[in-house]
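Read the structure below first, then the notes.
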Amino acid sequence: MLLIIVRHGIAEDRKTFKLKDKSDQHRPLTERGKKKFQVIAKKLKKFIGPIDLIVSSPLVRAEQTAKILQ
């Protein structure tokens, strides 16, 4: 079994997002974060092959990152 741990992509700035009066758990990836992680995901999948299982925290940014990795 191969276990790979991946941190979420670049998310909105914590302090700026807090000014929107929203919980940090809802802080999403930025467009730049999505694009950069798409590049990383493509290279990772090419290197390791198909991914059997992806587990993510329920934070929005983590779920967005996991969806890109699918």
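Details
- Residues within the range 1-23 that are surrounded by fewer than 13 Cβ atoms within 10 Å (Cβ to Cβ) and within 15 Å of the chain's Cα centre (by Cα), tallied: 4
- Residue in the range 43-54 that is out of contact with any strand residue (DSSP E or B) (no Cβ under 9 Å at 6 or more places or on another chain) and among the aromatic types (Phe, Trp, Tyr) present: yes
- Look at the range 36-50: where a residue is under 15 Å from Thr65 (Cβ atoms) and a partner is open to solvent by less than 70 Å² (accessible area, probe 1.4 Å) and β-branched (Val, Ile, Thr), sitting 6+ places away or on another chain with Cβ atoms under 6 Å, you get Phe37/Thr65; Phe37/Ile68; Gln38/Ile68; Ala41/Ile68.
Here's the yes/no breakdown for (1) over 18 Å from Phe17 (Cβ atoms); (2) open to solvent by 50 Å² or more (accessible area, probe 1.4 Å); (3) touching a Phe, Trp or Tyr at 6+ places or on another chain (Cβ under 9 Å):
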residue: Ile40; (1), (2), (3): yes, yes, no
residue: Ile48; (1), (2), (3): yes, yes, no
residue: Val60; (1), (2), (3): no, no, no
residue: Ile68; (1), (2), (3): yes, no, yes
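The values are calculated or read from the model by the stated rules, or taken from the named source; none is laboratory data. No experiment lies behind these values; they were computed from the predicted model shown. A quick note on method: Cβ atoms are made from the backbone with ideal geometry, for glycine too, and the neighbour counts reach across all protein chains shown. The area values use the complete protein model at the heavy-atom level, side chains included, leaving out ligands, DNA and RNA. Shrake-Rupley method; radii C 1.70, N 1.55, O 1.52, S 1.80 Å.
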